[in-house]
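Novice: Below is the structure I would like to discuss, written out as structure tokens.
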Amino acid sequence: QVQLVESGGGLVQPGESLKLSCAASSSLYITNTIEWYRKVPGKQFEFVARIDSHGVIDYADFVKGRFVISRGNARVYLEMNNLRSEDTAVYHCHRPASATWGQGTQVIVSS
């Protein structure tokens, strides 16, 4: 069974940065398409970024120029720069090939 585990969330001030990490129960699983979504209570999951098995990357418009998705060391990372209060959410990684979601990591952006 594939498992995903996110880490790296925390409390930061507006304008600061965080780097989230998504690790899989097997390093092979992380070579497939991995997506980052975020969830705010009362709202639906929101797509953030995707990296496919070929390294093709896609971002939601609201994070272009601020967030960077990358893969290395058997993990997928989401580097989040110039964070805003509206980025506050639980961030989840998702592996579509196995319909697997991680438990999420909380990001709070507040002054």
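The values are calculated or read from the model by the stated rules, or taken from the named source; none is laboratory data. These numbers were taken from a predicted model, which means no experiment stands behind them. With ideal geometry, Cβ positions are generated from the backbone for all residues, glycine too; neighbour counts draw on all protein chains shown. Remember, those area values only see protein heavy atoms, side chains included, never the ligands or the DNA or RNA. Shrake-Rupley method; radii C 1.70, N 1.55, O 1.52, S 1.80 Å.
Novice: Within a Cβ distance under 12 Å of L78, other residues only, what is the Lys/Arg minus Asp/Glu net charge?
Specialist: On the way: positive: K19, R38, R50, R66, R71, R75; negative: E6, E35, E79, D87.
Summing Lys/Arg as +1 and Asp/Glu as -1 gives +2.
Novice: Please give every one of the aspartates and glutamates within straight-line cross-link reach of K39, meaning a C-alpha to C-alpha distance under 16 Å, and leave out same-chain neighbours fewer than 8 residues apart.
Specialist: E6, E86, D87
Novice: Follow-up question, since we're still on this one. Per residue, how much accessible surface does the chain expose to a 1.4 Å probe? Answer in Å², no decimals.
Specialist: On the way: 5810 Å² over 111 residues.
It amounts to 52 Å² per residue over the chain.
Novice: Where the convex hull is taken over the Cα atoms of region 60-111, what is its projected area averaged over directions, in nm²? Walk me through the numbers before you get to the answer.
Specialist: Working: hull surface 17.9 nm².
Taking the Cα atoms of region 60-111, their convex hull projects to 4.5 nm² on average.
Novice: What are the residues whose amide H is under 5 Å from the amide H of Q3, where those residues sit 5 or more places off or on another chain and H is modelled from the backbone?
Specialist: Here the answer is S25, S26, since their amide H atoms fall under 5 Å of that of Q3.
Novice: If you wrap a convex hull around the Cα atoms of region 1-60, how much volume per residue is inside, in Å³?
Specialist: Values: hull volume 7.3 nm³, N = 60.
With only Cα atoms used, region 1-60 gives 122 Å³ per residue.
Novice: Taking all protein chains in place and a 1.4 Å probe, what share, in percent, of the accessible surface of the chain do carbon and sulfur account for? Each step should come with its number before you reach the end.
Specialist: Working: 2820 of 5810 Å².
Carbon and sulfur together cover 49 percent of it.
Novice: 5 Å is the cut-off here: which amide hydrogens, built 1.01 Å from N in the peptide plane, fall below it relative to R71, excluding neighbours closer than 5 in sequence?
Specialist: Y77
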